[in-house]
Amino acid sequence: MPTTPTRNMCIFHALDGLRNGLCHFSGPSRAALLFAVGPDDPIHVYDPQNLLRGHEPKFEELYLASDNWRTASSQAPKSSLLGMFDPAANLQLTGLISFGGRSASIFYQMWFTEQHPDMCAIGPTERWLEHAAWLLAQDFTSRMDACSEISGYVLRGYATHAVRDYLLDEMNRTMGWDSSIRIYEVLDSVLEISRTREEGAWPRGALTFAEPLALANVPFITRFPEPERPVLQNAKHVCKLLQAVEGSARKLVSDGRYLVGIADRELPRYRITADFQGGHGFLRFEGTPVCSFADGSFHSTTHHANLVQVEEILIDAEIDPADGADLFQIISHLVHRAEEEKYGCTLVIDLHPTPIDIPGQNISPCLDLRQEVLLNLAGALAKVDGALHIGADLHLHRFACLLDGRTIPGEDRSRGARFNSALRFTAERPNLIVVVVSADRPVSIIQSGVELSAQCDLRPAPDGIAPPQPLHDWIRSGN
């Protein structure tokens, strides 16, 4: 087994590669590791960006106050052969994704990263952590007193493999056998189609991959004769045929190698669907999102704004909780519609008992946004220059509102009139939330002259290889 300095270098390269890869897949991300090399060794922590801070009481309870973690699952495999890796119980910590296991070379390890609120699914990230654990276990089996950076390189570019591993696990779990669909070929084709334009337009429409044995039960509208079936790898041809299903419930159906036909009714349960939506799209298994794709790669994002700050404000506001929940759904609908249709707009959420006066176009009667038809009308009115004025009573009171105010520190001339007007307007009116949707920027949530949704940069990961700390010392250093 490598010496301690070499083991530390292996941990550094694996975690650095994992963090770098996850940053591309999910946005700015951190990673951390808890481990014990031998069954009698103390637990150590490697957390260069303080991902685990705030969870000290839970770690103290699990790892210091009890030795149950040492015996909670089967003992480490006696063999050091590749593949001998026993998963450990997930810790289920708030805001974190984790995966751990035991092996002959490392008695216990638990990997962590952030659970971003806009993730389609955590499954691919769990598979990524699983592979990090497996690679580190293999690195520790080396008898050489040296550690290469290969594991780090592998983990940096693991996005497609993580999606494939997750899909394969789900198909095996639900179907009970290995699918004959070659998932890597499917994923490569989806990415190639997503970056292929047809007459200048990005592809739109749904392409479903069904198990060949299940095709007999697919209610096809029409089928392509077997000798003439389009080849999936011909991205240009697939993009042309997607025009036949664009903007409808129809779907192209593939067996993983060819396009078999077009269907419009319920398809087999065990299916993979690529939903192309222009510049981006979504990959789904049995109708549930797995990940998105854009720019020739897979990502975890839902491509919807993270409105958690709005939700938190409404929970604390002096309004009925049921009304607060309805108001959040109304705001989410309007914001997501603007994102999907790619237009800019501004929403003023007025939390006063009686809505204040804002210069704009009054309407009578006010629109009850709990009614779907009126909510859709509000979405159309949001395209008009000016802001929507929405009260805590769940009604739209005005549209085309002008937001004015005196200049304040913190304005950003690069952000345009909507953003800076909202800063000025809310600086003098604290009981308002303003949500600014820009056609080409993230959604901004503003209150009291401050952008609540401004993303804080993570502390850069250290360049040097710092040694892991014993858990006891790490907990004390944070107090």
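The values are calculated or read from the model by the stated rules, or taken from the named source; none is laboratory data. Source: prediction; values computed, not measured. Please note: Cβ atoms are built from the backbone with ideal geometry, for glycine as well, and neighbour counts cover all protein chains shown.
Hey, does region 223-230 have a residue that's over 23 Å from Ala244 (Cα atoms), out of contact with any Lys or Arg (no Cβ under 8 Å at 6 or more places or on another chain) and outside any helix (DSSP H, G or I)?
no
Quick one: is Gly386 touching a Lys or Arg at 6+ places or on another chain (Cβ under 7 Å), modelled with pLDDT under 95 and surrounded by 14 or more Cβ atoms within 10 Å (Cβ to Cβ)?
no
Is there any pair with a first residue in region 350-361 that is more than 20 Å from Ile319 (Cβ to Cβ) and a second that is assigned to a loop (DSSP other than H, G, I, E, B) and of a type in the set (Asp, Glu) whose Cβ atoms are under 9 Å apart and which are 6 or more apart or on different chains, and what are they?
Pro359/Asp404
Examine region 308-324 for a residue that is within 17 Å of the chain's Cα centre (by Cα) and free of Cβ contacts under 8 Å to residues at least 40 places away in the same chain, and state whether such a residue exists.
For region 308-324, residues within 17 Å of the chain's Cα centre (by Cα) and free of Cβ contacts under 8 Å to residues at least 40 places away in the same chain: absent.
Rundown of residues vs (1) free of Cβ contacts under 8 Å to residues at least 40 places away in the same chain; (2) in a helix (DSSP H, G or I), yes/no style:
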residue	(1), (2)
Ala380	yes, yes
Lys383	no, no
Phe419	yes, yes
Pro430	yes, no
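Which condition number in (1) farther than 21 Å from Gly123 by Cβ; (2) without any contact (Cβ under 8 Å) to a residue 24 or more places away in the chain; (3) not assigned by TED's automatic domain parsing to the domain that holds Asp350 is the one that Arg284 fails?
Arg284 satisfies all of (1) farther than 21 Å from Gly123 by Cβ; (2) without any contact (Cβ under 8 Å) to a residue 24 or more places away in the chain; (3) not assigned by TED's automatic domain parsing to the domain that holds Asp350 except (1).
Just to be sure I understand the filter: pairs with C-beta atoms under 6 Å, separated by 6 or more residues or on different chains, first member in region 33-60 and more than 16 Å from Ala137 (Cα to Cα), second member surrounded by 17 or more Cβ atoms within 10 Å (Cβ to Cβ) and basic (Lys, Arg). Which pairs pass?
Going by the 6 Å Cβ cut-off, the qualifying pairs are Gln49/Arg30; Leu51/Arg30.
Which residues, counting only those in region 231-252, are in contact with a helix residue (DSSP H, G or I) (Cβ under 7 Å, 6 or more places away or on another chain) and farther than 22 Å from Glu211 by Cβ?
Ala235, Cys239
Determine which single condition Phe25 fails, assuming it passes every other condition in (1) surrounded by fewer than 22 Cβ atoms within 10 Å (Cβ to Cβ); (2) in a helix (DSSP H, G or I); (3) not hydroxyl-bearing (Ser, Thr, Tyr).
Evaluating Phe25 over (1) surrounded by fewer than 22 Cβ atoms within 10 Å (Cβ to Cβ); (2) in a helix (DSSP H, G or I); (3) not hydroxyl-bearing (Ser, Thr, Tyr) leaves (1) as the failure.
Quick check on Arg197: is it over 22 Å from the mean Cα position of the chain (by Cα) and in contact (Cβ under 8 Å) with a residue 40 or more places away in the chain?
Yes, satisfied.
Inspect region 233-254 for any residue being under 28 Å from Asn172 (Cβ atoms) and more than 29 Å from the chain's Cα centre (by Cα) and give the result as yes or no.
So the first thing to find is which residues in region 233-254 are under 28 Å from Asn172 (Cβ atoms), and the list is 233, 238, 251-254.
From what is left, the residues that are more than 29 Å from the chain's Cα centre (by Cα) are none.
Checking region 233-254: not a single residue is under 28 Å from Asn172 (Cβ atoms) and more than 29 Å from the chain's Cα centre (by Cα).
For region 453-466, check the following and say yes or no: at least one residue is in the same structural domain as Asp67 (by TED's automatic domain parsing), modelled with pLDDT of 85 or more and surrounded by fewer than 14 Cβ atoms within 10 Å (Cβ to Cβ).
No, region 453-466 has no match at all.
Which one of these does Arg418 not meet: (1) surrounded by fewer than 15 Cβ atoms within 10 Å (Cβ to Cβ); (2) within 18 Å of Val443 (Cα to Cα)?
(1)
Tell me yes or no: at least one residue of region 40-48 is among the aromatic types (Phe, Trp, Tyr) and at pLDDT below 95.
no
Can you tell me which residue is nearest to Val218 (Cα to Cα) among those in region 231-254 that are aliphatic (A, V, I, L, M) and part of a loop (DSSP other than H, G, I, E, B)?
Ala249
For residues that are assigned to a helix (DSSP H, G or I) and more than 11 Å from Val260 (Cβ to Cβ), tally how many sit in region 188-213.
From region 188-213, those assigned to a helix (DSSP H, G or I) are 188-194, 212-213; that's our starting set.
With the extra rule that they be more than 11 Å from Val260 (Cβ to Cβ), the set shrinks to 188-194, 213.
Of the residues in that region, 8 qualify.
What's the number of the condition Glu226 fails, among (1) in contact with a strand residue (DSSP E or B) (Cβ under 7 Å, 6 or more places away or on another chain); (2) outside the structural domain of Arg30 (by TED's automatic domain parsing)?
(1) is the only condition that Glu226 fails.
Determine, yes or no, whether Asp323 is in contact with an Asp or Glu (Cβ under 9 Å, 6 or more places away or on another chain), surrounded by 14 or more Cβ atoms within 10 Å (Cβ to Cβ) and among the acidic types (Asp, Glu). Talk me through it step by step, then tell me what you get.
Working: in contact with an Asp or Glu (Cβ under 9 Å, 6 or more places away or on another chain): yes; surrounded by 14 or more Cβ atoms within 10 Å (Cβ to Cβ): yes; among the acidic types (Asp, Glu): yes.
Criteria met by Asp323.
Grab the strands (runs of 3 or more DSSP E) fully contained in region 255-321, keeping just those with 2 or more residues being closer than 17 Å to Leu168 by Cβ.
Details: elements: 259-263, 271-277, 280-285, 288-294, 297-299.
Filter on region 255-321 gives 271-277, 280-285, 288-294.
List every residue pair whose Cβ atoms sit under 9 Å apart, with the two residues 6 or more apart in sequence or on different chains, where the first one lies in region 238-257 and is crowded, with 18+ Cβ neighbours inside 10 Å and the second, anywhere, is of a type in the set (S, T, N, Q) and assigned to a helix (DSSP H, G or I).
Val238/Ser189; Ser254/Ser189; Gly256/Ser189
Output the residue which, of all residues in region 164-195 that are hydroxyl-bearing (Ser, Thr, Tyr) and touching a Pro at 6+ places or on another chain (Cβ under 7 Å), is modelled with the lowest pLDDT.
Of the residues in region 164-195, the ones hydroxyl-bearing (Ser, Thr, Tyr) are 166, 174, 179-180, 184, 189, 194.
Pick out the ones that are also touching a Pro at 6+ places or on another chain (Cβ under 7 Å) and you get 166, 180, 194.
Working: Tyr166: 95, Ser180: 79, Ser194: 94.
Only one residue tops the list, namely Ser180.
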